[in-house]
1. Taking the range 26-57 only, how many residues are free of Cβ contacts under 8 Å to residues at least 12 places away in the same chain and more than 22 Å from the chain's Cα centre (by Cα)?
2. Considering only the range 55-91, state which residues are at pLDDT 95 or above, out of contact with any helix residue (DSSP H, G or I) (no Cβ under 7 Å at 6 or more places or on another chain) and farther than 18 Å from residue 33 by Cα.
């Protein structure tokens, strides 16, 4: 019984350590731009799927990939979370 209580206390301590770090919800211009471009791509792909139009569908998929690339480039350029371009802007 005591061993179980000790194991539980150790698990609680590990869980507390994991959750002690800030999550960082991606609230940055890079994240927002990435998500908005990908949202447009998802809508285009959905319309292409419903129509059914293979070129429109794959066009939407390409836009989604472009959104990922743009987000990654913006993050590398300093517009991601804790990026160099955002240090004085209050983000």
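1. Result for the range 26-57: 7.
2. If the condition is that a residue be at pLDDT 95 or above, out of contact with any helix residue (DSSP H, G or I) (no Cβ under 7 Å at 6 or more places or on another chain) and farther than 18 Å from residue 33 by Cα, then 55, 58 are the ones that fit.
The values are calculated or read from the model by the stated rules, or taken from the named source; none is laboratory data. Values in this document were obtained by computation on a predicted structure and should not be read as measured data. All Cβ positions, glycine included, derive from the backbone under ideal geometry; neighbour counts span all protein chains shown.
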